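A.B. asks: Attaching a single structure in structure tokens format; questions to follow.
Any read-out appearing in this document is the output of simple, stated calculations on the displayed coordinates, not a laboratory observation. Because the structure is a prediction, the values reported are computed rather than measured. In this analysis, Cβ positions are derived from the backbone assuming ideal geometry, glycine residues included, and neighbour counts consider all displayed protein chains.
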Amino acid sequence: MSEITKKKKIHHAWLVLIGCCFLEFGTLGGLLDAAGVFFVPVCEDLGFARADLSFYITVYLLSSVLAMPLVARWLPKYDTKKLLTGCILLTCAAMACMSFYTELWQWYISGIVYGFAGSFLFMMSAPILINNWFKKRRGLALGVGMSFSGIGGAVLSPVFAGIIEAVGWRTGYLLAALIVLVLVLPWTLFVFEYKPENMGLKPYGWTKEDDLVTAELQEAHVQPGVPAKVAVRTLPFICLFMFAGLIPYFGGFNIHLPGHGVAVGLSPVVAATLISAVMLGNLVEKLIVGWLNDRVGVEFTVNIQLAMVALGLIGFLVAGNNLILLYMAAFFFGAQNSLVSVSTPMIIRQLFGNKDYVKILAYARIGMGLIGGLGPLTIGMVYDNFGAFAPAFVIGIGIIIFSFIIVRIAYYRRATLAWEDLPADPDKAQEIRFSRTASSL
């Protein structure tokens, strides 16, 4: 009877996945993606240039460079609930404080808080938790979890815009921070656990065969993969470092799309819905990407995503103020979010294995701060100097072409990656080598 009850019990992995959905909905969707609706009213009220205000996002990304090594060390080491709870409290406080700001440097202080505390929340926790808790359908689970940043942006952008219109941007910041806190805090307090073994559980989809393989690997003191200190000196890692840095450049457009809509003649409220269209595309495309990663492989899926982002940028160039074309372009452009949050972690796991997965992912994310951090700033500078965003869209198309090339190089050179500590049994070693190139992760 107890065995039947055990079988019927919902695996905790599903609660972790639901929690990751709320985490992405509130943090990436609310604190970052929907933050663009505040830019126009703040700049108009305080007389800031958009490039100057958007620089706080660049400060966040640059600060994350310093935070990523801490993420790699602290997430496996410290209590996940306490660590993530502290981080969500800090980031929501940083957003709430914007309600009282009058000088640009004050937004930059919040950007620093976003960089250090938000690095644990925005990009790292959900992929790592899902990787730890799911053995089966990992790609689909990651796609579902990360898609909720798109839902968050799509839902919260018009909500925040409506709040700003009703009570002003200052009260709007306070209410937005409270909304995000209510969405995320229950999951960090009561649900998240770094890995199932901490609760005496196995990942979802774990089988008896996995137990046998794990026992053999533990007996041989084996964790298949490439050590981080070796990986960071390889050409595939350098390519992925650049890829992980360049792709977040497109996130700068999310912040400025409401401004682009206003520039081509849309009302501020209608222009804010462009973010909703991006996030709707983000949602749909992440679900498709998660499924495709499991079915046809990561590399092929990345090519599809890059093509969709390029279509979105071309659409922005030619749409003018045609709202239907702008919505279509924004929908396709939403694929850029899945490149950052879904495909990058899966490429790294496929090429480098589980041995130092968290460290290698964190080091690759440093590129996001060093390179991607220029996105919001340069896009804002383009508008301030040219009065239009068209040159930035052209730069984005060039980044797409370059990204396609470096991903191809990374996969072409994967044969040079020496996975260490493989089992002595040749058949078992070959099985593990094959698993890194298999389409199902």
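A.B. asks: Which one is surrounded by the most Cβ atoms within 10 Å (Cβ to Cβ) among residues in region 139-191 that are out of contact with any Leu (no Cβ under 6 Å at 6 or more places or on another chain) and polar (S, T, N, Q)?
C.D. replies: Result: 157.
A.B. asks: All but one of (1) within 20 Å of residue 199 (Cα to Cα); (2) touching a Ser or Thr at 6+ places or on another chain (Cβ under 8 Å); (3) not aliphatic (A, V, I, L, M) hold for residue 136, so report the exception by its number.
C.D. replies: Of (1) within 20 Å of residue 199 (Cα to Cα); (2) touching a Ser or Thr at 6+ places or on another chain (Cβ under 8 Å); (3) not aliphatic (A, V, I, L, M), only one is false for residue 136: (2).
So that you can scan it fast, the table gives a plain yes or no per residue for (1) under 30 Å from residue 261 (Cα atoms); (2) touching a helix residue (DSSP H, G or I) at 6+ places or on another chain (Cβ under 7 Å); (3) acidic (Asp, Glu):
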{"site": "329", "(1), (2), (3)": "yes, yes, no"}
{"site": "332", "(1), (2), (3)": "yes, yes, no"}
{"site": "352", "(1), (2), (3)": "no, yes, no"}
{"site": "366", "(1), (2), (3)": "no, yes, no"}
{"site": "382", "(1), (2), (3)": "yes, yes, no"}
{"site": "399", "(1), (2), (3)": "yes, yes, no"}
{"site": "412", "(1), (2), (3)": "no, no, no"}
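A.B. asks: If you scan region 230-244, which residues turn out to be over 16 Å from the mean Cα position of the chain (by Cα) and assigned to a helix (DSSP H, G or I)?
C.D. replies: Those that are over 16 Å from the mean Cα position of the chain (by Cα) and assigned to a helix (DSSP H, G or I): 230, 231, 235, 236, 237, 238, 239.
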